[in-house]
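**Q** Below you will find the structure I want to go over with you.
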Amino acid sequence: EHRGGRILHISSGAAHYPYRGWGAYCTSKAAFHMVYKVLAAELSPIGISVGSMRPGVVDTPMQDLIRDKDDSEFPEVQRFRRLKEQGNLMDPQEVAIFVDWLLNETDDVEFSEKEWDVRDEDQRHRWKHYI
């Protein structure tokens, strides 16, 4: 019987940092973070590796909607507007390349030993050539 495989949890800074006006989003992301940890503990004995990665703030339509919010709806909106203005949003294609590398080029132990971060410069040299 063949067992194994990989599950990749896509995390968020909102799982680890409270944003005013985003109570439900932060809470749900924190809950999924715990689901990832529980799955990792429960599935590793049958050869399923469960990993997690943080994509950073990605330039997506969701970010457009966030930046359109009024300060009264989302008090942290200025932070996200500045990220866009300063060109500090992650390119979705670059994040996809990182995810592909993480799923296909790391071994099972490495894949699941930590929460990966696309912005981590110590890791970047390992996957940038994967493009």
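The values are calculated or read from the model by the stated rules, or taken from the named source; none is laboratory data. Quantities reported herein were computed from a predicted structural model and do not represent experimental measurements. Every residue, glycine as well, gets a Cβ built from its backbone with ideal geometry; the counts of neighbours run over all protein chains shown. For the accessible areas, the whole protein counts, side chains as well, though only heavy atoms, and no ligand, DNA or RNA atoms are used. Shrake-Rupley method; radii C 1.70, N 1.55, O 1.52, S 1.80 Å.
**Q** Return the total of residues in the stretch 36-47 being β-branched (Val, Ile, Thr) and within 14 Å of the chain's Cα centre (by Cα).
**A** Total meeting the criteria: 0.
**Q** Another question, if that's okay. Filter the stretch 7-16 down to the residues that are among the hydrophobic types (A, V, I, L, M, F, W, C), outside any helix (DSSP H, G or I) and either touching a Gly at 6+ places or on another chain (Cβ under 8 Å) or surrounded by 16 or more Cβ atoms within 10 Å (Cβ to Cβ) (or both) and list them by number.
**A** The answer is Ile7, Leu8.
**Q** Restricting the search to the stretch 54-111, which residues are at positive phi and modelled with pLDDT of 95 or more?
**A** The one that is at positive phi and modelled with pLDDT of 95 or more: Gly87.
Residue by residue, here is whether (1) open to solvent by 50 Å² or more (accessible area, probe 1.4 Å); (2) in contact (Cβ under 8 Å) with a residue 40 or more places away in the chain; (3) charged (D, E, K, R) holds:
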site	(1), (2), (3)
Gly5	no, yes, no
Pro18	yes, no, no
Lys29	no, no, yes
Tyr36	no, no, no
Ala41	yes, no, no
Gly51	no, yes, no
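**Q** May I pose another question? Is it the case that the stretch 82-105 has a residue that's under 17 Å from Arg6 (Cα atoms), in contact with a Ser or Thr (Cβ under 7 Å, 6 or more places away or on another chain) and in contact (Cβ under 8 Å) with a residue 60 or more places away in the chain?
**A** No: the stretch 82-105 contains no residue that is under 17 Å from Arg6 (Cα atoms), in contact with a Ser or Thr (Cβ under 7 Å, 6 or more places away or on another chain) and in contact (Cβ under 8 Å) with a residue 60 or more places away in the chain.
**Q** Could you check how many residues of the stretch 67-97 are farther than 27 Å from Trp127 by Cβ, open to solvent by less than 60 Å² (accessible area, probe 1.4 Å) and of a type outside the set (D, E, K, R)?
**A** 3
**Q** Answer with yes or no whether Asp70 is in a helix (DSSP H, G or I) and without any contact (Cβ under 8 Å) to a residue 12 or more places away in the chain.
**A** No: the conditions fail for Asp70.
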